[in-house]
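Inspection log for the structure reproduced underneath, given as structure tokens.
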Amino acid sequence: MEYRFELPPSQQRVAERLKTALESGGFPQALLITGGAGVGKRALAMQLARALTCVDDEVRPCGKCPYCRAVRPEKGESPWLWVVPLAGDAEKLEKEEVRLELTQKAVAPSMVDPWDVEAFPSKGTVRVESVRDVLRELGRKDVRTRVVLVPEADRMAASSANALLKTLEEVPENCYFVLTTSHAADLLPTVLSRCAKIHLPDATVAEVGEFLERRGISVERLDQLWALAGGSPGQAALMSRESVASARSLAMGLLEWTAADTSLDLAGWWSDFSAARKKSETDEETPRFVVSALASLLDDLMRIVSGLPVRNSEYEERLRALPFARRGADVVRFMHSELLKMERHLGHSVAPERVFLALALKWRNDSPRLDLSLASEEPRK
Ligand SMILES: [Zn+2]
């Protein structure tokens, strides 16, 4: 039996591991795929689901058998079971037919473009009722191989995760769970411990370039976009829509404000942020791009700490002038973890600029070895 995966070169090692597991017949019945948003986790999960449900004798997935042909992305149809975040009126979602209809509606864009980081409604959660729907389905006698896909598994409410736990511990015969997440730390430890894990590495600059080219997207500074997108093809496609430069400039401004004297005025930053937001396609775009830009700049600060070349080269001088890198890895790590925490609040906020301000203040005041006196320190050199 030959198993086939279409994965970029940087993910070949992952493909080899999966092939070996499939060929050995000991494929894990609960698998968690981790990796950055838009890096291709859902695309891989779907390839796995195809391979697992295909019944061809020679090559899987074959594309010809009834199970392969039952995959119809544009209709959201497949032989697989999906558990996805749903948004909407809680009372309506109590009805099974409403849940199933909304699930199929949400799954369609996700299947058509598995790299789309916005495929599922940003405010939805994975409801416990959806988990129970699938568990009921698995309880029925069936000889077919069944695959349950749980994208964005971190968005499971605690009740949903708990409802899933027992089944993950002892997955019924011929059933496979494939969970994906870009926030593994948000999963219950009990869920984490029951899954085999596989991590998808970031894509290379060339891979992101090819990915964008296939979609007819041309960019001037691919290296910059790649750094900003954190090596994620899906993020890069999203970010190529908006001026990458403005988000980075806002991110740099916020870092400088954090490092500066308290008397420095934030009004300028605030109005630049509002202006960028007005120009963007959706309300959420600018805040999200600024978060990515901050992550990318913090990554560069870490590279400065470690003596590696920076990626956001035109900001190098300004990054080196900041006190954070000089204070060592702990400070930069602290800033990064606060950024991740803040990212979670951002989705629910009507005033994202306030969330950014709170982040900057947190960085300033709670940093392990960073206090206000830093601002007046002489730059190194
Ligand atoms: Zn097939």
**Request:** Please report, ordered by residue number, the helices (runs of 4 or more DSSP H) entirely within the range 134-232 with at least 1 residues that are under 20 Å from Phe27 (Cα atoms) and of a type in the set (Ser, Thr, Tyr).
**Result:** 158-169, 189-193
**Item:** Checking Leu164 against (1) more than 22 Å from Leu340 (Cα to Cα); (2) within 19 Å of the chain's Cα centre (by Cα), the condition it does not meet
**Value:** (2)
**Item:** Cβ pairs under 9 Å, 6+ apart, first in the range 94-108 and within 10 Å of Val84 (Cβ to Cβ), second of a type in the set (Val, Ile, Thr) and modelled with pLDDT of 90 or more
**Value:** Leu102/Val84; Thr103/Val83; Thr103/Val84; Ala106/Val84; Val107/Val84
**Message:** Checking the conditions here, which among Val171, Val148, Val126, Val134 is crowded, with 21+ Cβ neighbours inside 10 Å, touching a residue at least 60 places away in the same chain (Cβ under 8 Å) and aliphatic (A, V, I, L, M)?
**Reply:** Val148
**Complete:** All conditions in (1) under 22 Å from Asp186 (Cβ atoms); (2) in contact with a strand residue (DSSP E or B) (Cβ under 6 Å, 6 or more places away or on another chain); (3) surrounded by fewer than 19 Cβ atoms within 10 Å (Cβ to Cβ) are true of Leu22 except (1)
**Item:** Residue selected from the range 44-78 under the condition modelled with pLDDT under 95 and part of a helix (DSSP H, G or I), by the criterion nearest to the ligand (Cβ to nearest atom)
**Value:** Pro73
**Asked** Leu22: of a type outside the set (Lys, Arg), within 16 Å of the ligand (Cβ to nearest atom) and part of a helix (DSSP H, G or I), yes or no?
**Response** yes
**Asked** List the pairs whose first member sits in the range 30-48 and is on the phi > 0 side of the Ramachandran plot and touching a residue at least 12 places away in the same chain (Cβ under 8 Å), whose second member is assigned to a strand (DSSP E or B) and surrounded by fewer than 22 Cβ atoms within 10 Å (Cβ to Cβ), and whose Cβ atoms are under 7 Å apart, counting only residues at least 6 apart or on separate chains?
**Response** Gly35/His199
**Item:** In the range 331-352, the residues that are assigned to a helix (DSSP H, G or I) and in contact with a Lys or Arg (Cβ under 7 Å, 6 or more places away or on another chain)
**Value:** Val331, Glu338
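The values are calculated or read from the model by the stated rules, or taken from the named source; none is laboratory data. This one's a predicted model, so the numbers in the text were calculated from it and none came from an experiment. Note that each Cβ is placed from the backbone with ideal geometry, even for glycine, and that neighbours are counted across all protein chains shown.
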